[in-house]
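Working notes for the structure below.
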Amino acid sequence: MALNSKTSDVQIHVLMVAFAAQGHINPLLRFARRLLPKGIHVALATTETAKRRMLASETAIANADNTAVIAGFDVFFFSDGFGSDFDRKANMDHYVENFGSFASVSLSNIIEEHYLSKNKKLSCIVSNPFVSFAVDVADKYDIPSALLWIQPCALFSTYYHYFNDLNEFPADSDVVIPGLPRLRRQDLPSFVVNSSGGLSKLFRCVFQNMKKYKWVFANSFVELEKEAIDAMNNVFPVQPVGPLISPSLRNQEQTTLDSQIEMWKPDETCLEWLDKQEPSSVIYVSFGSILELSAKQMEEIATALKNLKAPFIWVVKKPEFPSEDRKGELPLGFLEETKDQGIVVSWSPQTKVLAHPSTGCFVTHCGWNSLLETIAAGVPVVAYPQWTDQPTNAKMIEEVFKMGVRVNPREDGLLGHEELERCIGDVMFGPKSELLKRRCLELKLATKTAVSDGGSSDNNIQMFVDEIIAGS
Ligand code: UDP
C-alpha cells in the first residue's frame, strides 16, 4: 500500500537546495509540489542572488530574517560568500570552485536554525550537482541525500561514463555509449569537450561519488528516453520523475496550482498579441535565462526574422552587466522595422506562449527545461545549442525524439541568417513539417501518461515517499 505521511504522527521534512537559476529551482519546486499531497513538508534553500533578482522584479517579498514564502513553500536564502556586484556568469570557473566552502557554512546554519533548534527532523536533502557541497553538509548531520538530475538521462549517462572512465571518448571519432545515439564531437557536452573548467571539475567529483546519494532522480520520463534509461540502469540506477514542468502544460484542462519562482517578471502582453495571430504561425525565439549572444549573432537572427516576414516573439533579456560591444542586445532600429511583424519581450510567460495555439515553432538554445516544456506543449523545435548539455540535447531532439531540426553554424561559429531561415522554413512549412507535428503530438500525450496517477514517473515518486517514511 502507498504510504502517506499524513496518516503517521511523525512530520516528514525534506529540504531542496539549489543554485540561484530559474532552470534549477523550478524543477526542484515542482518535485516538491508532487511530494506535498503525500504529506511531506518541503522547503527550499537557495542563494541570495535569487532573492535580489526576485525583489528587483517584484515577483516575491522577503522577510527580515532572510526567508520568504514562495508558491506556498518556505524559502531560506543563504550567502554564497560573493557580493551582489560580483559577475558570477563572467567568472563562472572561479565562482563554482569557491562558493561551496562558504555556502556549506551557510547551509549548515539553515539546518541548525530552522530544523535542529526546533526539533524538526530532516528526512532528506535534495540537491543537484551544481550545489554538490549539499551532500557533504547532509552527511555531517547524518541526513540522507537525493540528487535531482535536471538534464536528460542521456547526459547523466554520458557524464557517468566519461568521469568514471567506463567508455572510450576518442577525439577523432564518434563516441558510442550504450542506449545513446552515436555522438560526434559537436554532440558532446561542453564539460566533456573541455574538461579543465570549474564546472567540469565539479561534475567529475559528483559523478565519481554518486554513491553518496541514497536516491538519484532525473527530470525526464521513461516514454521519452527508454533506451538511455534502460542502459544506464545496468550501470547505476536513475529514477525518472519528470517531466517536472508547469501543470498547466502537462494537462491543459486542469488548473492545478503551479510551483515556480519567477526571477524576472513575465511580460503577459505577448499573450494578447498571440491571440490575434493565425494558428501555428508564430516563431518563438528564446535562449533561456543565462546565455547572452554576441552582437553579430543578434544581427543574424534579426535579419532572419525580418526576411521570413512571419510573426515572431523574441525574448531579449536585459543584460545584467551591460557590455560596450552590445552583447545580448537588439540591433539598433530592429524594433521600429518589425513593429507590425513581431514582438520583443525581456522575459516571456514561456509555458503559456508554448501552449498557445498560435505558436508554430520554438527557436531554442536547448536548455532542458525549455525542451521539456516544448515537448509537453507539442511544439516543434529549431535547435541552436551553445554549451553544457545543450549540444547533446539538440542531438536527442533531432535523432531520438525526432521533433525538430538542428542548425549548422558557419565555420566562424555563428549561425548565419540563411541557415536559420532554412531551418525555420523546414520545421514550419517544409515537407518534413507534417511528420514533425505528428511526432510532437505523440510525445505531448506521453508526457501526460508519465505523470498521471500510476504513471511511470508518478510510481517512482511514490516509491521515494514510501522509503523516506519507512526510514523516519
Ligand atoms: N523562461 C521563461 N521566460 C523566458 C525564458 C525562459 O519563463 O522568457 C523559463 C523557461 O520556461 C524555462 C527556464 O526559464 O523554464 C529556462 O530554463 P532552461 O533549462 O531552458 O535554460 P537555462 O535558462 O537554464 O539556460
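The values are calculated or read from the model by the stated rules, or taken from the named source; none is laboratory data. These numbers come from a predicted model, not from an experiment. Positions of Cβ are generated from backbone atoms using ideal geometry, with glycine treated the same way; all protein chains shown enter the neighbour counts. Heads up: the accessible areas ignore ligands, DNA and RNA and are worked out on the full protein's heavy atoms, side chains in. Shrake-Rupley method; radii C 1.70, N 1.55, O 1.52, S 1.80 Å.
Where does the Debye-calculated log10 I(q)/I(0) of segment 58-110 sit at q = 0.23 Å⁻¹, using only Cα point scatterers of equal weight, no solvent?
-0.96
First check a/c for segment 78-144, with a ≥ b ≥ c the square roots of the eigenvalues of its C-alpha gyration tensor; if it is under 1.5, answer rounded, and if not, answer prolate when a/b is larger than b/c or oblate otherwise. Show your work: numbers first, answer last.
Details: a/c = 3.14, a/b = 1.93, b/c = 1.63.
Prolate, because a/c is 1.5 or more and a/b exceeds b/c.
Using a 1.4 Å probe, how large is the accessible area of Phe86, given in Å² and rounded to the nearest 10?
Phe86 has an accessible surface of roughly 50 Å² with all protein chains in place.
Could you state the accessible area per residue of the chain in Å², with a 1.4 Å probe and every protein chain left in place?
I get 42 Å² per residue for this part.
To the nearest 500 deg cm²/dmol, what mean residue ellipticity at 222 nm is calculated for the chain from DSSP H runs of n ≥ 4 alone, each contributing -39,500 (n - 2.57), summed and divided by the residues?
Using -39500 (n - 2.57) per qualifying helix, the result is -12000 deg cm²/dmol.
Based on alpha-carbon positions alone, could you give the equivalent ellipsoid semi-axes of segment 213-320 from the gyration tensor, as √(5λ), descending, whole Å?
Details: eigenvalues 228, 82, 53 Å².
Calculated on Cα positions only, the semi-axes equal 34, 20, 16 Å.
Which of Lys120/Lys212; Lys201/Lys318; Lys38/Lys437; Lys306/Lys437; Lys296/Lys318 have a Cα-Cα distance over 28 Å?
Cα-Cα > 28 Å for Lys201/Lys318; Lys38/Lys437; rest within.
Order the following by accessible area, largest value first: Asp458, Asp74, Asp85. Probe radius 1.4 Å; ligands, DNA and RNA are ignored. Spell out each step's value before the answer.
Numbers: Asp458 15, Asp74 80, Asp85 125 Å².
Reading off the accessible areas and sorting them downward yields Asp85, Asp74, Asp458.
How big is the convex hull of the Cα atoms of segment 161-242, per residue, in Å³?
Convex hull volume per residue, Cα atoms: 102 Å³.
So for segment 5-99, what are the equivalent ellipsoid semi-axes in whole Å, largest first, each being the square root of 5 times an eigenvalue of the Cα gyration tensor?
Details: eigenvalues 156, 43, 27 Å².
So the three semi-axes of segment 5-99 are 28, 15, 12 Å.
Please report the relative contact order for segment 169-242, taking Cα pairs under 8 Å with a sequence separation of at least 6, and give it as a percent rounded to a whole number.
This gives 29 percent for segment 169-242.
Express in % the proportion of alpha carbon pairs of segment 315-472 at distances exceeding 28 Å.
Value for segment 315-472 (Cα pairs over 28 Å): 33 percent.
Average the reciprocal distances over every distinct pair of alpha-carbons in segment 288-368, invert the result, and give the Kirkwood radius in Å.
The answer is 13.6 Å.
Which distance in nm do the two modelled labels at Trp387 and Asp230 give, with both placed 7 Å along the Cα-to-Cβ direction?
In this crude spin-label approximation the distance works out to 3.7 nm.
Once the chain is represented by equal point scatterers at the alpha-carbon sites, with solvent omitted, what log10 I(q)/I(0) does the Debye formula produce at q = 0.10, 0.12, 0.13, 0.14 Å⁻¹?
-0.74, -1.10, -1.31, -1.53
What does the highest-first list of 424-434, 399-409, 354-364 look like by mean Cβ count within 10 Å?
Answer by packing, highest mean first, reads 354-364, 399-409, 424-434.
How large a share of the accessible area of segment 375-428, in percent, is made up of carbon and sulfur atoms when the probe is 1.4 Å and the other protein chains stay in place?
46
Just in segment 294-340: which trypsin sites (Lys or Arg not before Pro) are loop by DSSP and have at most 16 other Cβ atoms within 10 Å?
Lys309, Arg326, Lys327, Lys339
Using the per-residue mean of other Cβ atoms lying within 10 Å as a proxy for protection, in what order, highest first, do the peptides 241-249, 442-450, 22-30 fall? If you can, show how the numbers build up before the last one.
Values: 241-249: 25.1, 442-450: 17.9, 22-30: 23.4.
Answer by packing, highest mean first, reads 241-249, 22-30, 442-450.
In whole percent, and with a 1.4 Å probe on the protein chains, what portion of the accessible area of segment 249-364 is carbon and sulfur? Present the calculation step by step, with values, prior to reporting the outcome.
Details: 2910 of 5660 Å².
Carbon and sulfur: 51 percent of the exposed surface of segment 249-364.
Given the alpha-carbon gyration tensor of segment 374-449, what are the semi-axes of its equivalent ellipsoid in whole angstrom, ordered largest first, with each equal to the square root of 5 times an eigenvalue?
One finds semi-axes of 23, 16, 8 Å for segment 374-449.
Out of the total accessible area of segment 6-78 (probe 1.4 Å, heavy atoms of protein only), what percent is carbon and sulfur?
Values: 1390 of 2670 Å².
C and S atoms contribute 52 percent here.
Per the Kirkwood definition applied to all pairs of different Cα atoms, how many angstroms is the hydrodynamic radius of segment 276-328?
Values: mean 1/r = 0.0807 Å⁻¹.
Over segment 276-328, the inverse of the mean reciprocal pair distance is 12.4 Å.
Return the distance in nm (one decimal) between the two label points of a simple spin-label model at Ser79 and Ser101, each offset 7 Å from Cα along Cα→Cβ.
If labels sit at Ser79 and Ser101, their model points lie 1.6 nm apart.
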